[in-house]
1. Charges only on Cβ, +1 for Lys and Arg, -1 for Asp and Glu: so what's the dipole of the chain about the Cα centre, in debye to the nearest 20?
2. Roughly what % of DSSP beta bridges within the chain run antiparallel, to the nearest 5?
3. Can you return the lysines within cross-link range of Lys99? Criterion is Cα-Cα under 21 Å, with same-chain partners fewer than 8 residues away left out.
4. Using heavy-atom solvent-accessible surface (probe 1.4 Å) with all chains present, what is the largest-first order of Ser112, Ser17?
5. Just the projected area, averaged over all directions, of the convex hull on the alpha carbon atoms of the range 110-176: how many nm²?
6. Whole number in Å², please: accessible area per residue of the range 87-147, 1.4 Å probe, ligands, DNA and RNA not counted.
7. Straight distance only, please: which aspartates and glutamates reach the Cα of Lys190 with their own Cα at less than 19 Å, same-chain residues fewer than 8 apart left out?
8. One-quarter of the Cα convex hull surface for the chain, in nm²?
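The values are calculated or read from the model by the stated rules, or taken from the named source; none is laboratory data. Since we're looking at a predicted model, the values are computed, not measured. Methodologically, a virtual Cβ is constructed for each residue, glycine included, from the backbone with ideal geometry; neighbour enumeration extends over all protein chains shown. Ligands, DNA and RNA are excluded from the accessible area calculation, which covers all protein heavy atoms including side chains. Shrake-Rupley method; radii C 1.70, N 1.55, O 1.52, S 1.80 Å.
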Amino acid sequence: MTPKVVIFDWDGTLIDSVDHIAGSLHQAATELGFPAREMDAYRDIIGLGIVEALQTLYPGMSEAEVQAMREGYARHFFTKKTAPQNIFPGIGELLVDLKTGRAQLAVATGKSRRGMTRALASSGLGPHFAITRCADETRSKPDPAMLHEILAHFDIAPDEAVMIGDTVYDMEMAQRIGMPAIGVEWGVHKRDRLELYAPQAIVEDVPGLRRALELDTSA
């Protein structure tokens, strides 16, 4: 049975944005004189809130350096608008079918509220979601605060929802409150890392996600 509430991560799960995020982090860091990291290192922290991500990449950053890096990252990231063509193939239809099946939809993301508001509008996905929670208005993943807030909004228990994401931060966040989770392999982290948090399924494509959610794959 499809859960009452399906909670999605955004970047790397719904939207093909991982390389753009990594590139924007790289540009911001090197402009400020920080040593370049491998692109995989930039990719690996996607899903965390921006402050937590920067402090992981460059431990010991001062508050002023974090702020300068945030501004540089935003400047580069917002040169590209999240467009409908950035949605992973099949995701739009999946969201429609979930709502047709009477599931409520939500987003739990490491993005800022500013970035989320822009992305919801420019991607065209905004109307699908009853609630979205962002790292800068609550706590960063893997702290489960944003999941607690979404559950409270719908007045449901953790086992009545499912978290879908592409990172270990998504999986750990759900595990910490006993919420079922589904890992997707088309984003940041692959199966060997996702399975460490015992999700109920790990899928390699959208048809696999449809099956995991018990949606009719013939549609």
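1. 520
2. On the way: 1 of 21 bridges.
Around 5 percent of the beta bridges assigned by DSSP in the chain are antiparallel ones.
3. Lys4
4. Details: Ser112 40, Ser17 10 Å².
Result of the area sort, largest leading: Ser112, Ser17.
5. Working: hull surface 18.1 nm².
So the Cα hull casts an average projection of 4.5 nm².
6. Details: 2480 Å² over 61 residues.
Per residue, the range 87-147 has an accessible area of 41 Å².
7. Asp9, Asp11, Asp16, Asp19, Glu38, Asp40, Asp44, Asp166, Asp170, Glu172, Glu204, Asp205
8. On the way: hull surface 44.8 nm².
Mean projected area of the Cα convex hull: 11.2 nm².
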